[in-house]
Amino acid sequence: FVVLLANRTGFNPDTVLGLSWSQVRESNWLYGDERWDIDPGGEEDRVTIVGKKGRSLRAQVRSFPARVTTPTNPPVVLRKLKLVTSRLRPHAPPFFADRVFLFSLLNSQHRGVTGYGVGSDSLASDISWTRHLKSFIRENRLPAFTLKMLRLTSSDLVDEVTGGDIIAKQTILNHRDT
């Protein structure tokens, strides 16, 4: 789920790993909370993710069609995440309760529900995350990669699609200047 969202949003690693439900706009002024259950077929039928980038004062905003049902579409990924973490959420400490990525630890050092970012400055260097990513890579026989590499790939894709438009790249990466 982390890799899918990182790939589609182009967010920084810490932005993806620290994503919270309050940053996901799944309702709108007209359709309210039932938005995912109605299909008005209009432009406004989108899910918006507002990422918080560590050093930046500006948010990174990504919008995706709510009705596209391909498994890699972020609204589909988010719906599935909401479903699979719903039983964990009431048991999460307040700091993690709103996080999109929750998991249960069952080792000798720590038991309970948590998210990424325990005991590290960077969420991407969290020991649980690094173990999960290495395991995912090994199980799927993939070459080694990081979330930062996915972000750089997003940057390359913007170059390719826009013919090297530096302003488009700046916008996608949420950089202060070109």
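Annotations for the structure displayed:
- Residue selected from segment 157-171 under the condition among the polar types (S, T, N, Q) and under 16 Å from Phe11 (Cβ atoms), by the criterion modelled with the lowest pLDDT: Thr171
- Close Cβ contacts (under 8 Å, 6 or more residues apart or on different chains) running from residues in segment 5-25 that are over 12 Å from Phe101 (Cα atoms) and in a loop (DSSP other than H, G, I, E, B) to residues that are open to solvent by 30 Å² or more (accessible area, probe 1.4 Å) and small (Gly, Ala, Ser) comprise Asn12/Gly54.
- Just so you know, in segment 1-48 the residues that are of a type in the set (Gly, Ala, Ser), modelled with pLDDT of 55 or more and under 18 Å from Arg79 (Cβ atoms) include one that is most open to solvent (accessible area, probe 1.4 Å), and it is Ser22.
- Options Ser122, Ser108, Ser128, Ser154: the member that is hydroxyl-bearing (Ser, Thr, Tyr) and at pLDDT below 80: Ser108
The values are calculated or read from the model by the stated rules, or taken from the named source; none is laboratory data. As the structure is a prediction and not an experimental result, all values here were calculated from the model. Here the Cβ is made from the backbone with ideal geometry for all residues, glycine too, and neighbour counts use every protein chain on show. The accessibility values were calculated without ligands, DNA or RNA, using every heavy atom of the protein model including side chains. Shrake-Rupley method; radii C 1.70, N 1.55, O 1.52, S 1.80 Å.
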